[in-house]
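The values are calculated or read from the model by the stated rules, or taken from the named source; none is laboratory data. This is a predicted model, so every value here is computed, not measured. FYI the Cβ positions are ideal-geometry reconstructions off the backbone, even for glycines, and counts take in every protein chain you see.
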Amino acid sequence: MAQFKVVVLGAGGVGKSALTVRFIQGVFLENYDPTIEEEYRRSISVDGTLTSLEVLDTAGAEQFASFNEVYIKAGKGFVLVFSLTQEASLREVDYLRKQIYRIKGESGSIPIVIVGTKLDLVNEREVHRNTIQTLASRWNLPFYETSSKRNWHISDVFEDLVRQMRARYPPEQLSAKKSKKSVCLIM
């Protein structure tokens with residue numbers, strides 16, 4: 001079974017933990033509790049194939065931004081989260097997207113999904129669909145509008161990311177890397 005490390009990044013308070021916990025545990029976190037770092041595991045079946053995900057829910061606070069580089073280096077796939085009710089959080093996603101490409105140095109082939117949260121808060125929405133559609137085509141990345149509270153499109157996000165990671169890191173490539181690590185030569 002393929003195993004992938006997924007990193008969830010975004011500004012503070014945009015719903016990263018709510019999205020992650022809804023996907024992993026199937027529950028909605030009603031209260032906001034700032035995250036420093038939480039790691040979760042879940043197996044998911046996508047297109048009939050089981051994949052193991054290690055999901056790292058990261059801090060959004062600026063004082064922890066220095067950890068982002070470490071997370072990005074370790075990650076195979078990325079969920080970049082912004083709030084549909086907070087237009088400024090979309091700028092943070094653009095910054096993180098650029099940081100991923102800079103650190104990974106693999107422009108265009110990095111598994112990334114952009115997620116707008118809080119879709120259920122219709123009256124508080126600040127980010128318009130046409131803005132998202134424009135960015136989606138400019139960045140050539142999939143966008144999803146979700147609601148962790150209502151469980152709207154949560155699994156779609158992770159299924160899309162799994163498909164991207166499988167295409168980018170085929171099983172034979174992953175097993176070749178693992179076997180190289182386990183070889184020990186003494187001369």
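Got a sec? Which of Lys98, Lys104, Lys76 is in contact with a strand residue (DSSP E or B) (Cβ under 7 Å, 6 or more places away or on another chain) and surrounded by fewer than 24 Cβ atoms within 10 Å (Cβ to Cβ)?
Just one listed residue meets the conditions, Lys76.
Can you name the residue in the range 107-134 that is surrounded by fewer than 16 Cβ atoms within 10 Å (Cβ to Cβ) and polar (S, T, N, Q) and is also nearest to Val6 (Cα to Cα) among such residues?
Ser109
Right, Glu172: at pLDDT 95 or above, surrounded by fewer than 19 Cβ atoms within 10 Å (Cβ to Cβ) and not hydroxyl-bearing (Ser, Thr, Tyr) or not?
no
Where residues in the range 4-58 are surrounded by fewer than 16 Cβ atoms within 10 Å (Cβ to Cβ) and of a type in the set (Phe, Trp, Tyr), which of them is nearest to Ala167 (Cα to Cα)?
It comes out as Phe28.
For the range 61-91, what are the residues that are in contact with a helix residue (DSSP H, G or I) (Cβ under 7 Å, 6 or more places away or on another chain), at pLDDT below 95 and over 18 Å from Gly105 (Cα atoms)?
Hits for the range 61-91: nothing passes.
Pairs only if they're at least six apart or on different chains, beta carbon under 6 angstrom, first in the range 112-132 and within 20 Å of Val79 (Cβ to Cβ) and free of Cβ contacts under 8 Å to residues at least 60 places away in the same chain, second in a helix (DSSP H, G or I) and among the β-branched types (Val, Ile, Thr); list them, first residue then second.
Between residues of the range 112-132 that are within 20 Å of Val79 (Cβ to Cβ) and free of Cβ contacts under 8 Å to residues at least 60 places away in the same chain and residues that are in a helix (DSSP H, G or I) and among the β-branched types (Val, Ile, Thr), the close pairs are Val113/Val157.
Tally the residues that are assigned to a loop (DSSP other than H, G, I, E, B) and under 14 Å from the mean Cα position of the chain (by Cα), restricting the search to the range 81-114.
Final tally of qualifying residues: 2.
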